[in-house]
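What follows is a short report on a single structure.
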Amino acid sequence: MDIKTVSYQCPNCTAPLEYDNASGMFKCIFCDGAFSEQQIQTIFKNNEQMSLDADEPELTEEQRQMEEFTGSSALYNCPNCGAGVVCDTLTASTRCHFCHTPVILSGRVSGEFKPDLIIPFSTTKEQAESKFQEYLKGKFLLPRRFKEELKIMGISALYVPYWLKSGTLKAFAEAEGRKVHTWRTKNTVYTNTKIYKLQRIADLTFVRVPCDGSRRISDELMESIEPFDYSGIRKFSMSYLSGCAAEKYDVSPENAQIRIDERIKQAANEVLLKDMSGYTSLKLQNSDSEYKNQMCAYALLPVWFLNYNYKGVDYSFAMNGQTGTMFGRLPISRLKTFLYGSSVFLIALTILTLIGGLFSAA
């Protein structure tokens, strides 16, 4: 198996460089040198140019990036859950970010999996661990020994594959609006209801509506840690995967667009219904949309994952690696739930008994 190794090395001591989430710089783990993305790209391009044969035709920027991606990325397959993990070729071995099984190097990644965009991590592992511990505080229904048995080492950074759709559309919505007026004359109550047929048509623009590109990751889990701040999005570079890993997408852009279109239609309906103000009630009866233009981009977005098993049940916990938004399921102690429910019932029964006694005394 022939895998070309392309590494990002420190210009000072030639040691490997890793991307530092906190500073946004590429740091050397030996001499503590720090370099910006532009510096690294310039150095890498110069070194690459020096190694080219003078007779070779000059590559375009797109061809150069594609060659860089296929040459410097390696694919690991999990024998347990089948996840495909993309790493740089300096990674000798790693574990699956979903089930933590040791994964096996299976070859290089084809150019079709090269992302267009990426949002780098802006939070560190220490911050993710601290945030998770804060999240556990006050959760009195957790099993008593849960915190002791939880392996916090399970927290890992993963770039999740996303499809981002942008474009414009003409949206149509038809609804029934009702205006209800009620008044009383002596002992008679009158109600007047006016029914309106409402229609709205609008040209709307949508920008980077997301859908995760992994079947193993719950859409509910990923949508719960949205939104990502797209002001931090950058053109993809392999340098961001230095010391990190990414999940290889297994949801086609065609299938992802089904979910994205649902989200766009729902958002369009909300916009049009919001414009139908001044009614007692509104009921959507019909809606449609027609895309004028659309485009789809493949991006890697940063997520901290904690997958763990507690008493035979798998739990997933995720944190947005850019904004810090968190979501996940936690185990609940049946005993504590029973005791809590019993306590609430006894308190309510006591209050009702006291109230009944007061009325009896009166």
Query raised in the report: So which of 285, 266 ends up being under 24 Å from the mean Cα position of the chain (by Cα), open to solvent by 90 Å² or more (accessible area, probe 1.4 Å) and either at pLDDT 70 or above or more than 30 Å from residue 208 (Cα to Cα) (or both)?
Result: 266
Query raised in the report: Within the stretch 115-141, restricting attention to residues that are open to solvent by less than 30 Å² (accessible area, probe 1.4 Å) and in a helix (DSSP H, G or I), which residue is modelled with the lowest pLDDT?
Result: 136
Requested in this report: For residue 231, work out the one condition from (1) open to solvent by less than 30 Å² (accessible area, probe 1.4 Å); (2) under 18 Å from the mean Cα position of the chain (by Cα); (3) not β-branched (Val, Ile, Thr) it doesn't fulfil.
Outcome: (1)
Query raised in the report: Just checking, which of 258, 201, 217, 225 is among the aliphatic types (A, V, I, L, M), modelled with pLDDT of 90 or more and either open to solvent by less than 40 Å² (accessible area, probe 1.4 Å) or within 17 Å of the chain's Cα centre (by Cα) (or both)?
Result: 225
Query raised in the report: Is at least one residue of the stretch 166-183 assigned to a helix (DSSP H, G or I) and either open to solvent by 70 Å² or more (accessible area, probe 1.4 Å) or closer than 25 Å to residue 128 by Cβ (or both)?
Result: no
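The values are calculated or read from the model by the stated rules, or taken from the named source; none is laboratory data. These numbers were taken from a predicted model, which means no experiment stands behind them. So basically every Cβ, Gly included, is an ideal-geometry build from the backbone, and we count neighbours across all protein chains shown. Accessible surface areas use protein heavy atoms only, side chains included; no ligands, DNA or RNA. Shrake-Rupley method; radii C 1.70, N 1.55, O 1.52, S 1.80 Å.
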